[in-house]
Amino acid sequence: MSEISRTAVIPPDPIFAVLADGWSYASWVVGTSHIRSVDPGWPAVGSQIHHSVGPWPLVIQDRTEVLASEPNSLLELHARMWPAGAARIRLTLVPHEGGGCEVRMAEEIVEGPLRSLPHAAQAALLRPRNTESLSRLLDIAAGRWQDRRSST
């Protein structure tokens, strides 16, 4: 399993608000090119995002399903991208005393041909993509949080 973490200067709730906005995934998940639909109730366990992955015209239509969800704390996903396979992704938000939080993103390829790669090779493949995805997620969350604070 490949895991990265970042310290955010904002609390967990604005970060989880972005995670809970299924329509935002194409904005922060590297490789997701289009969100086709989001199930009502996202991010409830069992709900799905129907997405497109990859550059046009080589777009793959697939889906991501919620495996576990704890508001402002945890979101675990099963993300498919056939024929390459599927991955389990866990996003954990750990609040810091006095404000801010640590955001952890762990991913493991669990299905398909890439699953046979050694863990070190999986980590080398996933780490740059997940580092950029986490950076985008935190930028969106910080921007929304600042906008919300400015309007009150």
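No value in this document is a laboratory result; all are computed from the given coordinates. None of these values were measured; they are calculated from a predicted model. Backbone-built Cβ (ideal geometry, glycine too); neighbour counts: all protein chains shown.
Out of everything in region 1-41 that is over 11 Å from the mean Cα position of the chain (by Cα), within 19 Å of residue 87 (Cβ to Cβ) and in contact (Cβ under 8 Å) with a residue 60 or more places away in the chain, what residue ends up being surrounded by the most Cβ atoms within 10 Å (Cβ to Cβ)?
Looking at residues that are over 11 Å from the mean Cα position of the chain (by Cα), within 19 Å of residue 87 (Cβ to Cβ) and in contact (Cβ under 8 Å) with a residue 60 or more places away in the chain, I get 2.
Can you pull out the strands (runs of 3 or more DSSP E) entirely within region 72-135 that have at least 1 residues that are surrounded by 20 or more Cβ atoms within 10 Å (Cβ to Cβ) and touching a Cys at 6+ places or on another chain (Cβ under 8 Å)?
It comes to 85-95.
Name the single residue, out of those in region 42-71 being out of contact with any strand residue (DSSP E or B) (no Cβ under 8 Å at 6 or more places or on another chain) and over 30 Å from residue 95 (Cβ atoms), that is surrounded by the fewest Cβ atoms within 10 Å (Cβ to Cβ).
57
Between a first residue in region 73-84 that is farther than 13 Å from residue 32 by Cβ and a second residue that is in a strand (DSSP E or B) and among the β-branched types (Val, Ile, Thr), which pairs have beta carbons less than 6 Å apart while being 6 or more apart in sequence or on different chains?
74/92
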